[in-house]
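Taking it in order: structure first as structure tokens, then the write-up.
Just so it is clear, none of the values below were taken in a lab; they were calculated from the coordinates. These numbers were taken from a predicted model, which means no experiment stands behind them. Here Cβ is always computed from backbone atoms with ideal geometry, including for glycine, and neighbour counts include all displayed protein chains.
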């Protein structure tokens, strides 16, 4: 229980945010109306994704320094889970865009940026498949992971601020905190963010442990 | 030998190798000229959006072709010999500098041929040329490291394209915006933030390459 408290916390946070998100009061705004509740589900996906990618880069750096193969497994499973959250973020976003902006894929720098960032991480997975030898694969993919990360940060967080975007907080649009986030929404939103980040890390650790079991089983089969 | 001397002699080595065979320059020049000519035959005349986009696409593929060979043109044994002589930092730095020189030369020629064959609609020619220069330097810095990574895999050219396109798209977005502004002759002061972003990306890529390449070259 001492080790698992954060998993329980994450699950509780998500339950709270779902219940409070669907039945709690929201400000009445033109165009957005009730769809503003999507902010509890769409935005936390991106927070969870970026946290997982950051974890992956952290473990790639650690792998290059220490050469422990476990760090490489953590890095790749963090990317796998991050890609899952990226697709969820795109799906919830497309649904929302369809209602408020009239089409599921408007030409918006943040949308295109996140699609390109996904390509970057899919390329990382392709690179891993192209390399047979385990140590070489771990090292070279760690190098690419670290190399691509700062460019992804530029793509997702700096370029949209420079160009016109439909998203809040970029291209002169006001941020959510100025406009919509009244005092009731703010705590629910932060609860949702923390909850989804914790759940993302939980999924990542589960996948990591499954991979470890698979690896030891493969080794046992090979030895006999 | 210190880092600077090593870099200098490695760049001189690459330049003289290229000067003897003239393989890269000639093949890329032929590539650029024939692509421009094919585009000319297909389009005859284009509006400025297509003009700009076509130019960057031609330059993108020319630079991928030019740079993807930078770690595979010499035999692995000779590479090993270099690694025993020079530090990995000076090797990657020398490759970046050499590729930058190559790309600046190639893109200048590509720009010249392109604007001779197609009618040149550029409003602010000097600023457009600055965008081309910045673009060729950015391509060189990004693709050098990617070609180092992809040279470690077996199917080099496919992996090179897969790895480099997502990384280079943010650069291309800024470059196309910058060059479009100079194409329509917009006020220069509006583009300074784009130039700053490009320079920042270049500084980041060179730093990260310097930090990471020492891990990459060892097999």
Label residue A:11 and residue B:19 with points 7 Å out from Cα along Cα→Cβ: what is the distance between them in nm? 7.2 nm
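Please give the calculated 222 nm ellipticity per residue for chain A, where each DSSP H segment of at least 4 residues contributes -39500 (n - 2.57) and the sum is spread over every residue; nearest 500 deg cm²/dmol? Don't skip to the answer; put the middle values down first.
Numbers: 8 runs with 168 residues, N = 224.
After summing the helix terms and dividing by the residues of chain A, the value is -26000 deg cm²/dmol.
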How high is the FRET efficiency between residue A:35 and residue B:108 when r is their beta carbon distance and R₀ equals 60 Å, given to the nearest 0.05? 0.70
Report, to the nearest 10°, how far helix A:5-23 tilts away from the longest principal axis of the Cα atoms in chain A, using its own Cα long axis and a range of 0 to 90°. 30 degrees
What does the convex hull of the Cα atoms of the range B:150-219 come to per residue, in Å³, rounded to a whole number? 82 Å³
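Report, in deg cm²/dmol and to the nearest 500, the calculated mean residue ellipticity at 222 nm for chain B, where each DSSP H run with n ≥ 4 adds -39500 (n - 2.57) and the sum is divided by the residue count. Please report the intermediate quantities before stating the final value.
Numbers: 8 runs with 179 residues, N = 219.
Only helices count here, giving -28500 deg cm²/dmol.
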State, to one decimal in nm², a quarter of the convex hull surface area for the C-alpha atoms of the protein assembly as shown, i.e. the direction-averaged projected area. 26.5 nm²
Using only Cα atoms, find the angle between the long axis of helix B:192-216 and the longest principal axis of chain B, and express it within 0 to 90 degrees, rounded to the nearest 10. 20 degrees
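Over all residues in B:141-149, what is the mean tally of Cβ atoms on other chains that come within 10 Å of each residue's Cβ?
Details: counts 0, 2, 0, 0, 3, 4, 0, 3, 6.
Taking the mean over all residues of the peptide, I get 2.
Residues of A:116-125, mean number of Cβ from any other protein chain within 10 Å of their own Cβ, rounded to a whole number?
Numbers: counts 7, 3, 1, 5, 6, 1, 2, 9, 3, 0.
Mean inter-chain Cβ contacts per residue within 10 Å come to 4.
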Between the Cα axis of helix B:156-183 and the main Cα principal axis of chain B, the angle (0 to 90°, nearest 10) is 40 degrees
Could you tell me which of rounded, prolate or oblate describes the range A:1-149, using a ≥ b ≥ c as the square roots of the eigenvalues of the alpha-carbon gyration tensor, with rounded for a/c under 1.5 and, failing that, prolate when a/b is larger than b/c and oblate otherwise? oblate
For the pair residue A:58 and residue A:95, the simple spin-label estimate (label points 7 Å beyond Cα toward Cβ) gives in nm 3.0 nm
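From the Cα gyration tensor of the range B:35-77, with a ≥ b ≥ c the square roots of its eigenvalues, which class applies: rounded if a/c is under 1.5, or else prolate if a/b is larger than b/c, or else oblate?
Details: a/c = 8.52, a/b = 3.07, b/c = 2.78.
Taking the square roots of the gyration eigenvalues as a ≥ b ≥ c, the range B:35-77 is prolate.
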Give or take rounding to whole Å, what are the principal axis extents of the alpha carbon atoms in the range B:3-216, in descending order? 53, 36, 30
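Can you tell me how much longer the chain between residue B:196 and residue B:49 gets when fully stretched, taken as 0.36 nm per residue apart minus their C-alpha distance, in nm with one decimal? Display every interim value, and only then the final one.
On the way: separation 147, 0.36 × 147 = 52.92 nm, distance 2.34 nm.
Net length gain for the segment: 50.6 nm.
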